[in-house]
Amino acid sequence: MVHKMKFFNANIFIPERGFKLGGFEVENGIFSEVYNHEEMEVLGIDLNGAYIIPGLIDIHTHGNSNEDFSDGKPEGLYKIAKYQLQNGITSFLPTSMTLPFDSLKKAFCNAYDFTLHDHPECAEVIGIHMEGPFLSEGRKGAQNSKYLCSPDYDYYKKLQRACDNLIKILDVAPEIRGATDFIKKLTHDEKEHEIPIISIAHTDADYMVAKDAFSLGIKHVTHLFNGMPSVHHRAPGVIGAACERDDVTVELICDGIHVHPSVVRMAFKLFPHRICLISDSLRCCGMPDGEYELSGQRVVLKSGEARLKDGTLAGSARNLFDCMKKAIEFGIPIVNAVESVTMTPAKLLGLENKIGSIKVGNDADFIVCNDRLEINDVFKKGISIKGHF
C-alpha cells in the first residue's frame, strides 16, 4: 500500500544555500519530490511558511533522561532514543565510556538488538561511537582511569563481531604505546566496509604525532579543544595538524560551557564544512540539578554544568538541537550551524544519500520549526511524532 503526502508553503533548508520557499512530497517514508517556489503546487498540507530542517544526527552522545548507553539496559536505550526523537535528533551514535570489556560488550550487543526492531517513536541507532578505553591517562578527563588500556586489536575485534560491525567511530590517543601498529592493522587488514572511522581523542599528541596519525588514515577528531593540548604558536598540536587536512572532520561541543563562543566562531573559520556539532550529553541531560553517575564516578549537575567530584568538567547536559541553537546564538550563520548537525555528520558516516538532507531518495526525517527555530513537530520517515498529520 502506497502512503503519499504532499506539503507546500515551507521554507526548506538546502545545504550551502539556506532556506528556500517550496514544497515536497513523501512516499512510503522517503522524499519522492522536492519543489522550488515556482514549481510548488498548492496541494496537500499547508505548512504556513514553517522552517523545515533535516533530522539532526548526533555522533557523540552518552545518554539523557537519567539513562546511560553504557549501562547496557534495553529500557534505558529506548528512553534515550525516544528523548532524542522528541528533540529533533532522528539518528544517533550511542557513545560508550571507558569501562571493562564485559560492560562494553553488553552495551554494544544491546545496541545491536535495538537495531533489529522497529521503534517508530525513537531515533534511529545508526552505529556506535566507541570512545574508550584506548585513551591517554594524562588527558582522560571524565573517563575512568581504572579501565584505560593500550590499543588492542583483538579486544576491539571481539567487540565489533559481537555487535555485527556496528562500531562506526573508534577513538584512539595516537601517542600511547601500541597505537601506531593498531592503526596500521585496523586500516589495512580489514574489509573496507568493516573499518570504522578512527578518531583522535583524549590525547597528549604533539603536532608531528598527530600529523603522522592522519597520514596513517585517521580522519576525525573527537570533541576538538577538549581532552587535548591547546594551540600554542610554537606547539600547534592536534588542532594545528587537523586544520591542515581538508579530509579531517572535527567534533565540537557547543553547549556554551565546554568551548568559549569566540573559539566556536574561530573553529568554524578554521574548519569550514568540516565541523560536526555534538552534544556529548550525559544521563543528566534533560534532568534537574543533582547527583548522577558516570562509569562508576559521581557527577554533579549544577546550573547546567556537569562535573566530577574533583571539579573535572564531564560531558554536557544539553541535547544536540539546543547545541545547534547555541551556535547560532554565538554568531554562526544558520546555514553553517544546520549543516554541522545534518549533512556534515551524514557525509562523515557515508550516509549522505540516506539521511542529512531534504532530497529525493532520502529518508523523510525532518523538523518543522517556527521562525525562532523552535520545534513544532518532528517527522521520522514521513510520520509525525505528534500525530498531527
- Message: Cβ contacts < 9 Å: first residue more than 19 Å from N362 (Cβ to Cβ) and modelled with pLDDT of 95 or more, restricted to region 374-389; second residue part of a loop (DSSP other than H, G, I, E, B) and basic (K, R), any location; separation 6+ or different chain. Result?
- Response: N376/K386
- For region 288-298, does any single residue satisfy the condition of being buried (at least 21 other Cβ atoms within 10 Å of the Cβ), at pLDDT 90 or above and of a type in the set (A, V, I, L, M, F, W, C)? no
- Message: I'd like to check something: does region 56-65 contain any residue that is among the β-branched types (V, I, T), over 30 Å from L170 (Cα atoms), surrounded by 24 or more Cβ atoms within 10 Å (Cβ to Cβ) and touching a strand residue (DSSP E or B) at 6+ places or on another chain (Cβ under 9 Å)?
- Response: no
- Please enumerate the residues belonging to region 145-154 that are over 13 Å from G178 (Cα atoms) and surrounded by fewer than 18 Cβ atoms within 10 Å (Cβ to Cβ). S145, K146
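Here's the yes/no breakdown for (1) buried (at least 22 other Cβ atoms within 10 Å of the Cβ); (2) farther than 26 Å from F69 by Cβ:
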site	(1), (2)
A314	yes, no
G350	no, no
I358	yes, yes
D371	no, yes
- Query: Here is a list of conditions, (1) over 30 Å from D247 (Cα atoms); (2) surrounded by 13 or more Cβ atoms within 10 Å (Cβ to Cβ), and S340 meets all of them except one; can you say which number that is?
  - Reply: (1)
- Message: If I ask for residues that are surrounded by 19 or more Cβ atoms within 10 Å (Cβ to Cβ) and farther than 13 Å from A235 by Cα, which ones from region 203-220 would you list?
- Response: T203, A213, F214, I218, H220
- Item | Boolean, I367 is crowded, with 17+ Cβ neighbours inside 10 Å, on the phi < 0 side of the Ramachandran plot and in a loop (DSSP other than H, G, I, E, B) | no
- For region 162-178, name all the residues that are small (G, A, S) and closer than 11 Å to S136 by Cα. A173
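The values are calculated or read from the model by the stated rules, or taken from the named source; none is laboratory data. A quick note: this is a predicted structure, and the numbers were derived from the prediction, not measured. So basically every Cβ, Gly included, is an ideal-geometry build from the backbone, and we count neighbours across all protein chains shown.
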